[in-house]
Structure formats: C-alpha cells, structure tokens
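> To start, I am sharing the structure in question, which I have written as structure tokens.
What follows is calculated from the coordinates using simple rules that are stated; it is not laboratory data. Just so it is clear, the model here is predicted, and its values are computed rather than measured. Note that each Cβ is placed from the backbone with ideal geometry, even for glycine, and that neighbours are counted across all protein chains shown.
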Amino acid sequence: MNSDKYSTYCREHVKEFRDELRDEASRALASWPGKSAGLLLVISSVLTYLNLSASGNPYAFNTLFTYSVPILLFFLFPISSLLVSRLEKYSRTVLDLICITTVFGFCMTLRFVFEPHDSLASQSELFLALSGQINFSLLMVTAFSYHTSYQATFVRNVFFTVVFTTLIYIINQEYLTTNLVQVVQGFLAGSIFSWLFFTRIQTRFYYKSIDADTRQHLYNQLSKLVYPHQLEMIKSGDQLEETMPVEKGRAIINVFDVQNSSEIKHERTKSFFLDVFRAFSQICMMGYQHNPLKSRAFRLKETGDGFISSIGYPFLADDPNSLADHAISTALIMFKAFNEEVKRFGYATPIKGAMGLAFNSVQGTFQSSGIKSYDLFGEALIQAYRYEEIRKHPSIAKIIKDAAALKGLQHFNILIIQEVIYNSLKAEYKALFKAIDLQKGGFSIRQDITAQCVYFHVLE
C-alpha cells in the first residue's frame, strides 16, 4: 500500500522528516492558522466574560485571562523566532504547549463558570450550554500534531484527554458524567483527524522529497553537460541557447594531439587519454567565473587522442597579459600536466604530444536540431588544425628534429604557433621559439596562405 511506502520512506529519512514537520509547525504558527486560532481564543475569552458579566458572575473578569498563555504563544512566538532564528527548531514543542495550555484554559473557564452556582437547577442549564464545547475543544487540541510517528501523536492525544478528563472531574464530577459521551466523541474525532493530518503530511513530504531528489539528480547529471553558470541560468528560467555567447569574436585556438597515438598498445590506453583530457579540462577551468565569463581557457572538445581548447572566446582570459602570452602560458602548463600523466601511465616508450595555435575569428553556436550542444566554428579552428599538422610535413619535420637534437632531445613535445601570435609575445616567450621561413622552403599552410613564417618550440 502507498501509506506503508510513505511511512517507510519517512522512517528512513526521519531527520529530514523531522525538519519538514518543524517547518510545517513554524509556518502554522506564523501564518493564518496560528493567527486565526489565537484570535478565536481572544473572542472566546471576551464572549465568555460578557456572558458571565451579564449574569452577575463574580469571576467573569478572570475568564479574560484563562487563555492568556496560548494566546501569547500564538502571537509572540512568530515575532520571537524572527528575532532569534534558533527558536524555530522548537516550533513543534510550542504547538504541543499551546494545546495543553488551551486544555488548562478551558478547564479554568469551566471552574469560573461553575464556581458561583450551587443549585442543581442552575447547573443543569450550564451543563446544556457548555456540553457542545467539550468535544470541540478536545477535537482541536488532539487533531493537529507534528510528531515523526503517529504512535507518538496517539500517546500525546491520550495524555491530553486524560488530563482534560481529570481536570473536569475535579471541577465538576456531575458535569463530566453528563458529558462523558462528548469526551469520547472529541477524542475519537481528534484521533481520526490527526491520523488523516499526519498521513497527509507524510504523503506530501514523500512526493516533495522524491521530486527534490529527482530534480537534484537531473541537475547533477546536467552539470556534466553544461557549465555552472549555465545551470544557474537554466534554473532561473533562461533558455539553454541564452547561456553562452553566439556572436562573432576572436580567439586563439589550441589543437593538441598525441604523437603516433596509434602505436600505443596498452590495455589502459583509453583511460590514459581520459586522464590527460581530465587534467587539461581542469586547467581550462582555472579562474572560472561568471559575469563576466572568465577562465584560463574554454574546453571545446575531445577527439579520441586529441583535445581542442579556445582562449579569449567564449570565455575571457583570466590573465592581464596579452592573449598570446596567456595562450603560451596555458600551453606550457598543459604540457607539464601531460608529462605527469605520461609518467603515471608508465609506458615502455616515450609518449609525446603536439600543439598548434592559431588566432583568428570564431563564433559560438548551438546545433539547430537534435541535442543542443554548444560548439565553435571559424577560421581560427581550421588554421589551428593546419598548424598542428604541419609538423608532419617531411621537410618541416626534419627541421624540428634537428632543432631538438641540438637540445639533446630524441623524443620531444612540439608547440607550433602562428606568426601573429609570435609577434604578440613578450621577449621571454619569443626566445623559446625558432622560425621556419615558409617562402624560402617553398612551404604553404592551407587556410593561411599569406603566412610568411611558422614558429616552433620543442620541449621535453
């Protein structure tokens, strides 16, 4: 049965359920139920005073104060909890205290009503006038409870009923005897209502929690696909297509490739690539922030044995230096991380990587159909591919190998950059690179046919 399912869930999440009940009780005290109940007690006190005063009851004035404790709790607790937030955790206890003091208040009222009347005739009129108040009062104090189990609620209701009955017996035994059926009715009605109330809270908590868990699970999974700022914007009601720049811009594209990756024969080859790309992604996220969008780089995509990132678009660089300096700094950090993963991999022969960097126009876009993934296109991407691939040209490969040999490197990483990037570097970074005169060697780079030189740096 669903009720068993809800009960089991609440027992398994009793701490969260207790917090929910506490919040429910706090809301009940602070909103219209608490205010209405407090006002009803005030009206009851005033009407009782007026009726008794009109009949000449010497204790009429006292009845104005019989409900003073629950009235004060109803009206002062919400204000006090706003001033001292820690008080909210006692809201369930305060409601029980209100109920028990209401019981005492009703019985004190009875005492003042019966005190001056000694004749049976006069008391019989009072019996008739007050009989309907017993089951109503008992119903009100037993119907609402915010305990984590109905067993606790039932014990509470029995306790309230025993106290209620005992006090009435002390005040006027005959009145209790005459209205014993009213007591039983009030207790049974309150118990039934409290059960319905409790199961309603259980059910609402179950679906609320399940919905929250589902939403959280969805958010956790979505966070694997989008950036944190995108997730927050989506939560705020923005469309996915509004969460990333789609206007034209300019950026340095970094295309990384593992050299001779097809020759790597190892059962952990795939996991090695994933470890490398995970490290690169973490580097890209350095300095990430929203408004304005900034980070060290933007992870564009992984290509099996390759990794493509963008610097300057769609995320601004988190570096006050020039974009070119920032791109070289990022590339060197990536090579360091790559070497660390290679060392951890422990392959028998050296594994090296190559990077090509190009600066040009790019533009962001979301796919027009299917899954709406974010992507970049533009000249910078095409050129970066070409600059990374130029290392494979036999003549250029020989130049690079000879330069590495002068450094005593047989196996080496390669960083190749575009002329415009080299010209924008500070002297420290320029000193790392050697030039290859494309025109002198009769070389050309597709998609960048006006290029005069290409620059490379070999490193361990």
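> Would you list, by chain and number, the lysines whose Cα falls below 26 Å from the Cα of LYS235, excluding same-chain residues fewer than 8 positions away?
LYS208, LYS224, LYS294, LYS301, LYS372
> Oh, and also: Applying the Karplus parametrisation 6.51 cos²θ - 1.76 cosθ + 1.60 with θ = phi - 60° to the phi angles of the range 370-382, what ³J(HN,Hα) value in whole Hz is obtained for each residue in order, glycine and proline being reported as x?
Once θ is set to phi - 60°, the couplings for the range 370-382 become x, 5, 7, 8, 8, 8, 10, 9, x, 4, 4, 5, 4 Hz.
> Among DSSP bridges having both ends in the range 239-459, what percentage is antiparallel? Round to the nearest 5. It would help to have the intermediate numbers written out before the result.
Values: 35 of 41 bridges.
Antiparallel bridges make up about 85 percent of those DSSP assigns within the range 239-459.
> Along the Cα→Cβ direction, 7 angstrom out, place labels at ALA348 and ARG268. What is the inter-label distance in nm?
1.6 nm
> Eigenvalues of the Cα gyration tensor times 5, then square-rooted: what semi-axes does that give for the range 2-220, in whole angstrom, largest first? Each step should come with its number before you reach the end.
On the way: eigenvalues 298, 80, 27 Å².
After scaling each eigenvalue by five and taking roots: 39, 20, 12 Å.
> Angle between the Cα long axis of helix 91-114 and the longest principal axis of the chain, 0 to 90 degrees, nearest 10?
Taking Cα atoms only, the helix is inclined about 10 degrees.
> What number, in percent, do you get for the relative contact order of the range 2-220 if the mean sequence gap of Cα pairs under 8 Å and at least 6 apart is divided by its residue count? The partial results should precede the final answer.
On the way: 214 pairs, mean separation 52.7, N = 219.
Relative contact order here is 24 percent.
> Now for a separate question. Once both labels are modelled 7 Å past Cα along the beta-carbon direction, what's the ASN260-THR450 spacing in nm?
Between ASN260 and THR450, the simple spin-label model gives 3.8 nm.
> For the chain, find the longest principal axis of its Cα atoms and tell me its angle to the long axis of helix 180-222, 0 to 90°, nearest 10.
Value to nearest ten degrees: 0.
> Relative to the compact globular guide of 2.2 N^0.38 Å, what is the alpha carbon radius of gyration of the chain, as a ratio? Present the calculation step by step, with values, prior to reporting the outcome.
On the way: Rg = 39.4 Å, N = 460, 2.2 N^0.38 = 22.6 Å.
Dividing the Cα Rg of the chain by 2.2 N^0.38 Å gives 1.74.
> Report, ordered by chain and residue number, the aspartates and glutamates lying within cross-link reach of LYS89, taken as a straight Cα distance under 19 Å and ignoring same-chain residues fewer than 8 apart.
GLU16, ASP19, GLU20, ASP23, GLU24
> Okay, moving on. Compute the FRET efficiency between ALA54 and PHE136 as 1/(1 + (r/R0)^6), taking r as their Cβ-Cβ distance and R0 = 35 Å, and round to the nearest 0.05.
Numbers: r = 23 Å, r/R0 = 0.64.
Taking R0 as 35 Å, the efficiency between ALA54 and PHE136 is 0.95.
> How far, in degrees from 0 to 90, does helix 323-345 lean away from the longest principal axis of the Cα atoms of the chain, to the nearest 10?
Between the helix axis and the principal axis of the chain, the angle is about 80 degrees.
> Rounded to the nearest 0.05, what FRET efficiency is calculated for GLU242 and PHE75 with R0 set to 41 Å and r the Cβ-Cβ distance? Could the numbers behind the result be given before it?
Working: r = 47 Å, r/R0 = 1.15.
So, using R0 = 41 Å, E works out to roughly 0.30.
> Something else about it: Through the Karplus equation 6.51 cos²θ - 1.76 cosθ + 1.60, θ set to phi - 60°, convert the phi angles of the range 33-46 into ³J(HN,Hα) values in whole Hz; use x for Gly and Pro.
x, x, 5, 5, 5, x, 5, 4, 5, 4, 4, 4, 4, 5
> Measuring from a point 7 Å past the Cα of LYS208 along Cα-to-C-beta, which residues in the range 141-170 have an amide N at less than 16 Å?
Under cut-off, by backbone N: 145-149.
> Still on this structure, I have one more. Mind checking the dipole of the chain: about its Cα centre, +1 per Lys or Arg Cβ, -1 per Asp or Glu Cβ, Debye to the nearest 20?
Values: 44 positive and 41 negative charges, 245 e Å.
Here the size comes out at about 1180 debye.
> I would also like to ask the following. Among the aspartates and glutamates, which fall within straight-line cross-link reach of LYS392, defined as a Cα-Cα distance under 18 Å, with same-chain neighbours fewer than 8 residues apart omitted?
Leaving aside aspartates and glutamates fewer than 8 places away in the same chain, those within reach of LYS392 are ASP257, GLU263, ASP305, ASP402, ASP437, ASP448.
> A further question on this structure: Note down the nm distance, to one decimal, between modelled labels 7 Å out along Cα→Cβ at LYS15 and at SER85.
Label-label distance for LYS15 and SER85, simple model: 1.9 nm.
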